[in-house]
Amino acid sequence: MKRFYIETFGCQMNVHDSEKVVGTLERRGYEMVDSPEAADLVLYNTCSIRDKAEQKVFHRLDQFKREAGAGKIFGVLGCVAQQEGERIFERAPHVSLVVGSASYTKLPELLVQIEQGETRVAGLSLDTEDTFETEHTRRDNPHRAYITIIEGCDKSCAYCVVPFTRGGERSRASDSVLTEALSLAQAGYTEIQLLGQNVNSYRDPSPAGWNFAQLLEAVGRVEGIRRVRFTTSHPRDFTRDIVHAIDRTESLCNQVHLPVQSGSTAVLQMMARQYTRDEYMRRIQWLKASKRDIALSTDIIVGFPGETEKDFEETLRLLDEVEYDSIFSFKYSVRPNTPALSLGDHIPEEEKGRRLAILQERQRGIQLRRNAALIGTVQEALVEGFNTKSGQWIGRTSQNRVLNFTYPENEGGSQPARREMVGRYFPVRVTRAGPNSLAGEYSAVQ
Ligand code: 5AD
Ligand code: SF4
């Protein structure tokens, strides 16, 4: 039996790709192990969205070689594989497999070549029409499952490598998505997360011709599915019928992630985001007008070339106006191949750091206020685990907030077993709030 080890970096798409790679390998008779030393095949699924991703990858590959010892096959997958391609063989000669994230459908044939002893096997085609669907996906969470509905990206945001690492948009047929959702529900999953670089740019290739809102609602109506989330949405393609679908369908979570990147229309234009600040705000207003209490989150980049102090202040004002429940914020980093490469990178690291710190501080206050407003309410928490140190169960609300809570001890004076709690939903009264999480107690009466 051949044994493999896989390590994954990056977004949920990458995490889910790894799950599919694991399923594909297990189907071919490989067994997963949890250390490079114990493996015959060592795989590294990489991300190149920011920073010095390539250097980090080569550093880790060297470490692998030292840790894992001789006589193993090393493979690089994902976005750095796509970006660096066969150069990886030159810089890390112990690597014999390089597969970009748009070529995973070729993985079974590439594995055959590896098994036949070839030492430099690459899958780097970007023009693949297929989506990476496999009957065998090994999911590590028994309650929450990812489903890819669209791969790749057709936008060309000036800062972003994704169109180069994942190719153009390919949507998956709606009946295939629904069949998978149904079989997940039958297997006991209760939460589904629909994935795509631009999930709401979904265009059903089958005759049904559904748009994203239609697909979302249909997944939300699958019996047994209690929670549906989706990520990531592009503001340009965010239509009001998505909000209507959420209004109508209880299982669709109170959560929308809508990356804005900047609060300044001038910067948005330089970023080629294809919307203005006002157009973005209109979408936020639709979401706020919903009868559901939809939590909002976003991504922000500071220090994009040409961002003035005034532009940055507009981003701060946007935070105040929207009052996000959480944000992911980053310093701009130059990426190979991207259109913004020609704009240079003239804002000093120090200044980027200063803007980032101000932004995060401003958001911290907003989050504290928003979380504190929930004290006294009862929220439904899906249990994810137990924190032995605090004696609290770790839960997550529909709004995607972490809600840690106490639960009555059983007669023996101990907590119920994990298997009785994890994956179940409990009403919890919120008693305390921090900037990043809530705490509460199990509340038998809603
Ligand atoms: N520099 C900094 N942040 C970036 N992101 C994408 N590309 C870059 C870059 N070159 C951020 C965006 C995106 C998130 C996934 O990562 O905010 O939404
Ligand atoms: Fe990283 Fe983007 Fe690739 Fe995801 S798609 S792994 S975020 S580079």
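What number goes with the only condition from (1) crowded, with 23+ Cβ neighbours inside 10 Å; (2) within 16 Å of ligand 1 (Cβ to nearest atom) that SER201 does not pass?
Going through (1) crowded, with 23+ Cβ neighbours inside 10 Å; (2) within 16 Å of ligand 1 (Cβ to nearest atom) one by one, SER201 breaks only (1).
Looking only at region 239-290, count every residue that is at positive phi and within 16 Å of ligand 2 (Cβ to nearest atom) and tell me the total.
Applying the first criterion (at positive phi) to region 239-290 yields 261, 272, 274.
Cutting the leftovers down to within 16 Å of ligand 2 (Cβ to nearest atom) gives us 261.
Qualifying residue count for the region: 1.
Within region 194-225, track down each residue that is polar (S, T, N, Q) and either closer than 25 Å to ARG273 by Cα or not in a loop (DSSP other than H, G, I, E, B) (or both).
As a first pass, look at region 194-225 and keep what is polar (S, T, N, Q): 197-198, 200-201, 206, 211, 214.
Scanning region 194-225 gives GLN197, ASN198, ASN200, SER201, ASN211, GLN214.
Kindly check whether there is at least one residue in region 186-194 that is under 18 Å from HIS16 (Cα atoms) and touching an Asp or Glu at 6+ places or on another chain (Cβ under 7 Å).
For region 186-194, residues under 18 Å from HIS16 (Cα atoms) and touching an Asp or Glu at 6+ places or on another chain (Cβ under 7 Å): absent.
Considering only residues that are surrounded by fewer than 19 Cβ atoms within 10 Å (Cβ to Cβ) and of a type in the set (A, V, I, L, M, F, W, C), which ones fall in region 227-281?
If the condition is that a residue be surrounded by fewer than 19 Cβ atoms within 10 Å (Cβ to Cβ) and of a type in the set (A, V, I, L, M, F, W, C), then ALA266, ALA272, MET281 are the ones that fit.
Does region 369-389 hold any residues that are open to solvent by 60 Å² or more (accessible area, probe 1.4 Å), assigned to a loop (DSSP other than H, G, I, E, B) and either among the hydrophobic types (A, V, I, L, M, F, W, C) or touching a residue at least 12 places away in the same chain (Cβ under 8 Å) (or both), and which are they?
ALA373, ILE375 - these are the residues of region 369-389 that are open to solvent by 60 Å² or more (accessible area, probe 1.4 Å), assigned to a loop (DSSP other than H, G, I, E, B) and either among the hydrophobic types (A, V, I, L, M, F, W, C) or touching a residue at least 12 places away in the same chain (Cβ under 8 Å) (or both).
Keeping to region 211-269, report how many residues are within 16 Å of ligand 1 (Cβ to nearest atom) and either farther than 20 Å from GLU151 by Cα or touching a His at 6+ places or on another chain (Cβ under 7 Å) (or both).
10
Show me the strands (runs of 3 or more DSSP E) entirely contained within region 226-316 in which 2 or more residues are among the charged types (D, E, K, R) and touching a residue at least 12 places away in the same chain (Cβ under 8 Å). First the steps, then the outcome.
Values: elements: 227-231, 255-257, 295-302.
In region 226-316, 227-231 are the strands (runs of 3 or more DSSP E) which contain 2 or more residues that are among the charged types (D, E, K, R) and touching a residue at least 12 places away in the same chain (Cβ under 8 Å).
In this structure, does ALA181 turn out to be more than 21 Å from the chain's Cα centre (by Cα) and away from ligand 2 (no atom under 16 Å from the Cβ)?
Values: more than 21 Å from the chain's Cα centre (by Cα): no; away from ligand 2 (no atom under 16 Å from the Cβ): yes.
Against the criterion (more than 21 Å from the chain's Cα centre (by Cα) and away from ligand 2 (no atom under 16 Å from the Cβ)), ALA181 does not qualify.
Do we have THR148 as over 19 Å from the mean Cα position of the chain (by Cα) and either over 25 Å from LYS2 (Cα atoms) or in the same structural domain as ASN14 (by TED's automatic domain parsing) (or both) here?
Details: over 19 Å from the mean Cα position of the chain (by Cα): no; either over 25 Å from LYS2 (Cα atoms) or in the same structural domain as ASN14 (by TED's automatic domain parsing) (or both): yes.
In short, no.
Looking at region 300-325 only, could you name the residues that are under 22 Å from GLU351 (Cβ atoms) and in contact with a Leu (Cβ under 9 Å, 6 or more places away or on another chain)?
ILE300, VAL302, GLY303, PHE304, PRO305, GLY306, PHE312, THR315, LEU316, LEU319
Can you name the condition, by its number, that GLU314 falls short on among (1) within 24 Å of VAL162 (Cα to Cα); (2) open to solvent by 10 Å² or more (accessible area, probe 1.4 Å)?
So GLU314 meets the others, but not (1).
Can you pull out the residues in region 14-47 that are within 21 Å of VAL112 (Cβ to Cβ), touching a helix residue (DSSP H, G or I) at 6+ places or on another chain (Cβ under 6 Å) and free of Cβ contacts under 8 Å to residues at least 40 places away in the same chain?
VAL42, ASN45
Scan (1) within 16 Å of ligand 1 (Cβ to nearest atom); (2) open to solvent by less than 70 Å² (accessible area, probe 1.4 Å); (3) over 30 Å from SER443 (Cα atoms); (4) at pLDDT 95 or above for the single condition SER326 breaks and write down its number.
Checking SER326 against (1) within 16 Å of ligand 1 (Cβ to nearest atom); (2) open to solvent by less than 70 Å² (accessible area, probe 1.4 Å); (3) over 30 Å from SER443 (Cα atoms); (4) at pLDDT 95 or above, the one that fails is (3).
Have a look at GLY85, GLY117, GLY71, GLY75 and point out the one that is closer than 20 Å to ASN337 by Cα and out of contact with any Phe, Trp or Tyr (no Cβ under 6 Å at 6 or more places or on another chain).
Values: GLY117 fails: closer than 20 Å to ASN337 by Cα; GLY71 fails: closer than 20 Å to ASN337 by Cα; GLY75 fails: closer than 20 Å to ASN337 by Cα.
After ruling out the rest, the residue left standing is GLY85.
Just wondering, is there one or more residues in region 74-82 that are modelled with pLDDT of 95 or more, out of contact with any Ser or Thr (no Cβ under 8 Å at 6 or more places or on another chain) and over 30 Å from ILE150 (Cβ atoms)?
No, there is no match, as no residue in region 74-82 is modelled with pLDDT of 95 or more, out of contact with any Ser or Thr (no Cβ under 8 Å at 6 or more places or on another chain) and over 30 Å from ILE150 (Cβ atoms).
One residue is enough: does region 296-303 have a residue meeting the conditions open to solvent by 20 Å² or more (accessible area, probe 1.4 Å), away from ligand 1 (no atom under 16 Å from the Cβ) and either at pLDDT below 95 or assigned by TED's automatic domain parsing to the domain that holds ARG354 (or both)?
no
From ALA340, ALA289, which residue is farther than 18 Å from THR231 by Cβ, loosely packed, with under 14 Cβ neighbours inside 10 Å and assigned by TED's automatic domain parsing to the domain that holds HIS257? Break it down into steps so the answer makes sense when it comes.
Details: ALA340 fails: loosely packed, with under 14 Cβ neighbours inside 10 Å.
Within the list ALA340, ALA289, the selection yields ALA289.
Can you pull out every residue in region 185-202 that is over 19 Å from the mean Cα position of the chain (by Cα) and touching a residue at least 40 places away in the same chain (Cβ under 8 Å)? Break it down stepwise before answering.
So in region 185-202, the residues over 19 Å from the mean Cα position of the chain (by Cα) come out as 185-188.
Those that are over 19 Å from the mean Cα position of the chain (by Cα) and touching a residue at least 40 places away in the same chain (Cβ under 8 Å): ALA185, GLY188.
The values are calculated or read from the model by the stated rules, or taken from the named source; none is laboratory data. All values reported here derive from a predicted model rather than from experimental measurement. Note: ideal-geometry Cβ built from the backbone for every residue, glycine included; neighbour counts use all protein chains shown. Accessible surface areas use protein heavy atoms only, side chains included; no ligands, DNA or RNA. Shrake-Rupley method; radii C 1.70, N 1.55, O 1.52, S 1.80 Å.
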